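The values are calculated or read from the model by the stated rules, or taken from the named source; none is laboratory data. Keep in mind that what you see is a predicted model, and the values were worked out from it rather than measured. Quick reminder, even Gly has a Cβ in these numbers, built from the backbone with ideal geometry, and neighbours come from all protein chains shown. The accessibility values were calculated without ligands, DNA or RNA, using every heavy atom of the protein model including side chains. Shrake-Rupley method; radii C 1.70, N 1.55, O 1.52, S 1.80 Å.
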Amino acid sequence: MSLAALCLASVIYAEARGEPVDGQIAVGQVILNRVEGKHWPDEVCAVAEQPNQFASLTPDQERIDLAAAILNGEHEDLSNGATHFYSGSDPWWAEHLVFVGTIAGHTFMEEVRT
């Protein structure tokens with residue numbers, strides 16, 4: 001197991017373990033979309049561990065396996081390019097982003113493209 005898979009699995013477990021697999025994949029993909037973006041670090045663990053961004057708990061084996069599959073490109077980007085997600089009521093920061101979709105209990109957003 002790679003360190004990147006463990007970091008990604010920690011976020012998936014903390015943020016989406018009760019969601020359907022599609023929702024878990026989309027949450028994981030948000031981390032990868034940030035790694036590819038220009039405003040965030042270029043490593044999975046650095047993105048996952050940024051202060052005040054994501055919850056993190058020790059993942060179970062199911063989430064570790066899913067994270068490894070996401071990192072290996074075995075799943076398409078179900079987040080539609082999202083760089084942010086939330087559950088519940090709209091957070092203050094969402095007003096500056098573009099809605100890209102909802103999967104189960106999560107709403108996915110991305111930055112305005114210029």
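So here's what we get for this one:
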| quantity | calculated |
| --- | --- |
| Whole-Hz couplings from phi, Karplus 6.51/-1.76/1.60, listed for segment 61-67; x for Gly and Pro | 5, 4, 6, 5, 5, 5, 4 |
| Per residue, in Å², the accessible surface of segment 1-98 once ligands and nucleic acids are set aside, probe 1.4 Å | 54 Å² |
| In order through segment 46-58: 3J(HN,Hα) via Karplus (6.51 cos²θ - 1.76 cosθ + 1.60), integer Hz, x for Gly, Pro | 5, 5, 4, 9, 4, x, 6, 10, 9, 6, 8, 9, 5 |
| Amide proton proximity set for Leu57, modelled H, under 5 Å, gap of 5+ | Ala14 |
| Student exercise, the chain dipole from Lys, Arg, Asp, Glu Cβ charges, in Debye to nearest 20 | 160 debye |
| Cβ-placed point charges (K, R +1; D, E -1), dipole of segment 14-77 about Cα centre in debye, nearest 20 | 240 debye |
| In order through segment 32-37: 3J(HN,Hα) via Karplus (6.51 cos²θ - 1.76 cosθ + 1.60), integer Hz, x for Gly, Pro | 5, 5, 5, 4, 7, x |
| Asp22/Leu57 FRET efficiency (R0 25 Å; Cβ-Cβ; nearest 0.05) | 0.75 |
| Sulfur and carbon atoms: percent of accessible area, segment 1-111 [1.4 Å] | 48 percent |
| Where His106, His39, His84, His75 fall by accessible area, highest first, once all protein chains stay in place (1.4 Å) | His39, His75, His84, His106 |
| Overall form of segment 69-114 per C-alpha gyration tensor (a/c, 1.5; a/b vs b/c) | oblate |
| Value of relative contact order over the chain, rounded to a whole percent, pairs C-alpha under 8 Å and six or more apart | 30 percent |
| Cα pair count fraction exceeding 24 Å, expressed as % - the chain | 15 percent |
| Label-point gap, in nm, between Asn80 and Ala46 - each point 7 angstrom along Cα→Cβ | 3.0 nm |
| Fully extended contour minus Cα-Cα distance, from Ser89 to Arg113, at 0.36 nm per residue | 6.2 nm |
| Angle in degrees between helix 3-16 and the longest Cα principal axis of the chain, rounded to the nearest 10 | 60 degrees |
